[in-house]
Amino acid sequence: MVVGTIKTLILGASGMLGSDLCRVFPDAARFGVAEVDESSGQVLGIEEKPEVPKSDYAVTGLYVYDSSVFEIIRTLKPSGRGELEITDVNNEYIRQDAMKYSVIEGQWSDAGTFESLLRAGLMVQKIF
């Protein structure tokens, strides 16, 4: 459902212009990592699971976009996997110098491994 001008996409496996919500992790290389300019709040680039991350800002998979996201999506071409990639959306916002970031505080868990999926489920169970 689309309501108003702010759009939120939450990726199941793992920004106002574009916003990337990040989490500081000492082992951020296990995730997509945002290279950021802390003084301006801009995202300069996003690397998927880099061997040597440029920061400790792990990309959480929660993004907030303005309504121009739909125009960007219309320009996307399927990747080698035959899918439209959220990374291509983010890279277009970055290309336009329009991607900011915020840091998530509190509880958050990746759900990309069996162990982290269990941890996320237990975390949600405690809340409810």
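The values are calculated or read from the model by the stated rules, or taken from the named source; none is laboratory data. Small disclaimer: the values here were computed from a predicted structure and weren't measured. Here the Cβ positions follow ideal geometry from the backbone for every residue, glycine too, while neighbour counts run over all protein chains shown.
Being among the hydroxyl-bearing types (Ser, Thr, Tyr), assigned to a loop (DSSP other than H, G, I, E, B), surrounded by 15 or more Cβ atoms within 10 Å (Cβ to Cβ) and modelled with pLDDT under 80 is a property that does not hold for residue 19.
Of the candidates 38, 71, 105, 47, the single residue that is farther than 16 Å from residue 23 by Cβ and either acidic (Asp, Glu) or in contact with a strand residue (DSSP E or B) (Cβ under 7 Å, 6 or more places away or on another chain) (or both) is 71.
Scanning region 112-128 for residues that are in a loop (DSSP other than H, G, I, E, B) and exposed (fewer than 12 other Cβ atoms within 10 Å of the Cβ) yields 113, 128. Considering region 74-111, and only residues there that are in a helix (DSSP H, G or I) and basic (Lys, Arg), the residue that is surrounded by the most Cβ atoms within 10 Å (Cβ to Cβ) turns out to be 95. Sub-7 Å Cβ pairs linking a first residue in region 87-111 that is more than 12 Å from residue 72 (Cα to Cα) to a second residue that is of a type in the set (Asp, Glu) and crowded, with 18+ Cβ neighbours inside 10 Å, at least 6 apart or interchain, are 99/20; 101/20, ordered by first then second residue.
Residues checked against (1) out of contact with any helix residue (DSSP H, G or I) (no Cβ under 7 Å at 6 or more places or on another chain); (2) part of a strand (DSSP E or B); (3) among the small types (Gly, Ala, Ser); (4) modelled with pLDDT under 90:
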{"position": "40", "(1), (2), (3), (4)": "yes, no, yes, no"}
{"position": "47", "(1), (2), (3), (4)": "yes, yes, no, yes"}
{"position": "50", "(1), (2), (3), (4)": "no, no, no, yes"}
{"position": "72", "(1), (2), (3), (4)": "no, no, no, no"}
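Just so you know, in region 52-70 the residues that are assigned to a strand (DSSP E or B) and among the hydroxyl-bearing types (Ser, Thr, Tyr) include one that is farthest from residue 102 (Cα to Cα), and it is 65.
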